[in-house]
Structure formats: structure tokens, C-alpha cells
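The values are calculated or read from the model by the stated rules, or taken from the named source; none is laboratory data. Note that the structure is a prediction, hence the values are computed from the model and not measured. With ideal geometry, Cβ positions are generated from the backbone for all residues, glycine too; neighbour counts draw on all protein chains shown.
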Amino acid sequence: MFHNNSFIVVILNLFRGNKAFQVFSVRREYSPSTVSLNNDASNIVIGGGDADQCIQLGLELEKKGLARAAFASFHEAATLYQCFLDNYDENDSSNEFGHVTGFTNPDDCSTMLSYSCVRLAHLNNDALGDSNAATRLYREAANIDLHPSSISFDGIGTSIEASGGDLNLSIEAYREALRLFPNNNEIRFHLGVALERLGELDEANRIMEKLRNTEMIHAEFESTSWNKYNAVLSSLSDAAG
């Protein structure tokens, strides 16, 4: 059972009127040939479909600081992955949106749809200044993914705090993120700060004391939490090779 068309409706309602709302137009101005490719991203979508190319382009535009163009590219990718999933039938190999991705496994497409939502949420929270939209997108990512990442729930917590929302909801999200990734000290730090802000000083102090005795490694969060997404991206690159 995949997410239905409500995802597209949510996206359209969230971003209509935003200058970043340039769906299906961003690749007319930018393309992988006009943006220098580097690192492992350069091989992600060789032989991939339109949605896969939008993911690649969005990553490169984001690296270059072109937040609105990156937003539009990830938005297009999300819409195309959703169309693929809406038209997928395991008993019928024909899919009028089959050309939009090099993935044939719908679970992989769900993962990439979730990944698109996470990138959109990140851009909203950090670059475009809309933390409320970021919260909704992080939640959408968690709902779409068959195996949600701690990144989605940590993002829910941080974006709620950024918008001045209910700290209890942030704490709930951080606890779920820690359940998914128990050894992540960055999430634990976010939880400790939120608890302190809420006045839950005993638990906050216990967390902070534990962190004082543990080296916080940001790279641990980045590399381990993205393993699932990277595995899917790598599989497309391998298939193209």
C-alpha cells in the first residue's frame, strides 16, 4: 500500500505562491551538463529517468547554494516518484510513469520519495525560512517511508522548535529518533536542550552529563543515518554502470 495522491496535494498547497514553485521548469534552466558534478553524486543517475535526474540536479544546485532552484528540482522529483507509485501494479508491468525512474522496485521509489521530502524540508527550514512547512514535510517523509529514518523525526523536532511550536511535540519526535538510532549523540543533545527549555531539568542534566563524557561526532549522524538512502542511490549508479 503506497501513499496516495494526497502527497501531491500537500506539496501543491504548501508551496503554491512560493517563488520556489517552479515545477517541471527547473531543468529548462539548469541541467547536469550546466552544473559541475563532483564526488559520488556525478554517477547517481547515469541512465536514470527524469525523477532520478531531478534528485541529482537538486543535490548539485544545493551544494552551489542555489536553494530555490534546488527546491524546485526536488519538488519535481517528488511529484514524479509519486506518480510512478500511484500507477504501479505488481500484476501489470506497464506503467505510464515507468520512464521517470531507473528503479523498478516500488520500495526503492518510496525511499526516494521520502528522501525528496527530507531535502525539501531541510531547504525550507535552513534556507527558505519556513519551519512550519519543514515540519509537515519531515512528517510526510516519515509517513511515506516503509522504514523511517531517524533524520525525519529529528527534523520534526528541530523544525518545531525553530517555529516556536510545542516543545512537548519536539521532545516526542526526538525520543522516536533516538528509538530508531539509540547511539546518536546529536539527537540526544537536541533532546537534552528541549527538555531544559521545557523545565525538565533532572532528565536534561542527566543527558548533558552523559554527553560531557562522550565525544559528539557529527559525522556519525550524517553517515549512519543516510546509509539507507545512499544504498538506494548506489544501486541505481551500479545498474547504470
Q) If you go through region 88-110, how many residues are of a type in the set (Ser, Thr, Tyr) and closer than 15 Å to Cys54 by Cα? A) 1
**Q.** Filter result for Arg175 (closer than 26 Å to Arg206 by Cα, modelled with pLDDT under 95 and not in a loop (DSSP other than H, G, I, E, B))
**A.** no
Q.
So if I check each of Glu140, Glu161, which one is acidic (Asp, Glu) and touching a residue at least 40 places away in the same chain (Cβ under 8 Å)?
A. Glu140
Q) Any residue in region 63-84 that is of a type outside the set (A, V, I, L, M), modelled with pLDDT of 90 or more and not in a helix (DSSP H, G or I)? A) yes
(Q) Given the condition under 12 Å from the mean Cα position of the chain (by Cα) and assigned to a helix (DSSP H, G or I), answer yes or no: does some residue in region 95-110 qualify? (A) yes
Q | Those helices (runs of 4 or more DSSP H) lying entirely in region 183-241 with at least 1 residues modelled with pLDDT of 60 or more and closer than 22 Å to Ser170 by Cβ | A | 185-198, 201-212
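Residue-by-condition table, conditions (1) surrounded by fewer than 16 Cβ atoms within 10 Å (Cβ to Cβ); (2) over 30 Å from Leu198 (Cβ atoms); (3) in contact (Cβ under 8 Å) with a residue 40 or more places away in the chain; (4) touching a Pro at 6+ places or on another chain (Cβ under 6 Å):
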site	(1), (2), (3), (4)
Ala69	no, yes, yes, no
Thr79	no, yes, yes, no
Asn95	no, yes, no, no
His122	no, no, no, no
Arg136	no, no, yes, no
Phe153	no, no, no, no
Leu169	yes, no, no, no
